[in-house]
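Read the structure below first, then the notes.
Just so you know, all these numbers are worked out from the coordinates, no wet-lab data involved. What you are looking at is a predicted structure, and each value in this text was computed from that prediction instead of being measured. Backbone-built Cβ (ideal geometry, glycine too); neighbour counts: all protein chains shown.
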Amino acid sequence: MTASEYSRQLLSLTGRELKHWYRSRMQIIVTIVQPLVWLGLFGLSAEVFVNMIESKGGLDLATTDYFSFLSVGIILSTALTTSLTSGMSVVWDRRFGFLDKLRASPVPRGVIPLSKVLASTVKATVQAMAVFAVAVALGLDVDGLTMHGVSVLLASVILIGLTFSSIFVALGTAIKSFDTYMTLNSLLSMPMMFVSGVMFPTYKFPAWLKAAADLNPLTYASDAARAACLDPEWLTPAHGFSLLSVPNLSIAEDLLVVAIGAAVVMALSLLFAGRALRAQ
Amino acid sequence: MSGMIEARGLVKEYAGGVRAVDGVDFSVAEGEIFGFLGPNGAGKSTTISMITTLSTPTSGSVFVDGIDVARDPGAVRKVIGLVPQDLTSDDDLSGRENMLLQADLYGVPRREAKERADELLEMIQLHDAADRLVDTYSGGMRKRLEVIEGLIHRPKVLFLDEPTLGLDVQTRKIIWDHILDMRREHGMTVFLTTHYLEEADFLCDRIAIIDGGRIKIVGTPDELKTSLGGDKVYIETEGVDDICDALSRLSGVRSASRDGRTYKIDTEDGDRTIRDVLSAAADNDWHVVNASLNHPSLTEVFLEYTGKNVRDQMGDSSKEEVRRQNLQSRRRQK
């Protein structure tokens, strides 16, 4: 096996996953409707609520524009929720025997989960960018937006996609039923979204919650993306890493943390998934 | 290692101590078509899983093309092709895309892959439907596609698990003709399980009958039939004294017995015995009103060694088919 044969297998399997996605009318509708629901309904209504608190001097966001604050978080949480479904295709493939056909082929075990992680990350990125476009249309503040800001946002989205797709593809190789998978998915998605800096600034969290949020890559990703995308004069509040008393991190440091996290999680997940796909 | 597939003392024990395969030995020569027959749950698919690297034997060993499956499964996967029992083609891809995906996985050069895909799709008459999504295919079309997917990389050994279940006679013949061609041109070895005993009879060079995880008998179809005691000739006479003695003296005849006016003759070669009987009848003025010959069929062999009726088994397997089709339609509603 040469590197070109591996990459051909990888591209072919990734392409298969993406065809499933863009050929499905339902998926395309979801891609468009989901951001509208999140930003149009939740984002705009939450802003009213936050403004009420704000007028009493309660919530200091370091920005007067909660919709913009939330939009950046929603873009990343969209990447998260899309990635959480990545393992479903493993469960389907197993159920319909396709997985065994792959396992009997010379494809290296790691290539099978890797193709699903890559496809899921592409989906997550496209979906997140669709939310971004909708957010801009609905009033995300773009005065201070530069190419640098968009690049940081894109990098954060891709890294979040890789991290969570890997975890859930690995889970998919261990779970044999749809129901178990869906239960686990809904059980984990909410805490992962709320125990992070996606919705609210973490420095307002109680200490234990902040400590937990500091373990979530979404916290660092949304922090970096916000600092890079929103008006630089609205400095994002410090979040640092409370457990080790690390002070506020720069954009580059935030991204580095997310990148290292993604690399470690991917390596462990692929190792686990590859093992699960070996003969028993 | 002389054979293309060598299985030695193969055992697969599942949790709870159930032995799906319980000490199986066999050897398949290069270019041979080897049939695995047995009732449902006899251990056929489990055996295929172990040879095709999908499942690890509890004990025993298998070699494919001289490669130890336990030691180097990756090398084994390059020389084998698997056509599973289930319909596993991807619904959301076209037939051609499914073929080219397989070609990508096995590293078949692209230009060649396209040519072979065209050729194979044409052969099983899926050419017109090649660019439609598999989702729109009928069960028979899916099964045909499934079979050619296993052929696109021209494997040295092809494993076919119930390849023709649910196919019409014409399609079965087309598929078998092609597999015989592949064997002739590329010396492909074929390992198959089937419920169609006539199919196994005319296709297989050798057959193993497996039941309860053990091989009951292995041999050529003729050897298996002979093992049941060979041919039987029946004659019916009118107004003749007992001729049992005379009949049993004919060459090749093992025994002759009488039931009223009907004689039953056990013989090695029924065709020859029936000629001998008729010429003896002419010589001795026996008035024979009826003569018939019975070659034992593979069905009788199957019954003898498994104690189970193939027809019952077919009933079971169509239930399996229904279950599978339900799954497929659930998938389509997704």
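Tabulated data for the structure shown
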quantity	calculated
Charge sum, other residues only, whose C-beta stays under 12 Å from A:LEU277's C-beta, Lys/Arg counted +1 and Asp/Glu -1	+4
Computed FRET value (nearest 0.05) for A:THR183 with B:ALA282, which takes r as the C-beta separation and R₀ as 56 Å	0.10
Segment B:52-81 and segment A:1-22: distance between their alpha carbon centers, rounded to Å	25
Angle between chain A longest axis and helix A:178-194 axis [Cα atoms, degrees, rounded to 10]	20
Environment charge of B:GLU122, counting only residues whose C-beta is closer than 11 Å and scoring Lys/Arg +1, Asp/Glu -1	-3
Cα gyration tensor, the protein assembly as shown - rounded (a/c under 1.5), prolate or oblate	prolate
Relative contact order for chain A, counting Cα pairs under 8 Å that sit 6 or more residues apart, in percent	26
Ranked A:TYR203, A:TYR181, criterion: other C-beta atoms within 10 Å, fewest first	A:TYR203, A:TYR181
Exposure proxy ranking, count of Cβ atoms within 10 Å, fewest first, for A:ILE112, B:ILE179, A:ILE29, B:ILE217	A:ILE29, B:ILE217, B:ILE179, A:ILE112
Pair B:HIS295, A:ILE28: separation of 7 Å Cα→Cβ label points (nm)	6.0
Residue-averaged [θ]222 nm for chain B, counting only DSSP H segments that reach four residues, each worth -39500 (n - 2.57)	-12500 deg cm²/dmol
C-alpha long axis of helix A:66-84 to longest principal axis of chain A, angle in °	10
A:SER115, B:SER227 arranged by Cβ crowding within 10 Å, fewest neighbours leading	B:SER227, A:SER115
Filter on A:LYS19/B:LYS12; A:LYS116/B:LYS156; B:LYS12/B:LYS232; A:LYS116/A:LYS204; A:LYS123/A:LYS210 - keep pairs with C-alpha separation over 32 Å	A:LYS19/B:LYS12; B:LYS12/B:LYS232; A:LYS116/A:LYS204
Taking segment B:184-273 and dividing mean pair separation by its residue count, relative contact order in percent (alpha carbons under 8 Å, at least six apart)	22
Degrees separating the helix A:3-22 axis from the principal Cα axis of chain A, which is the longest one	60
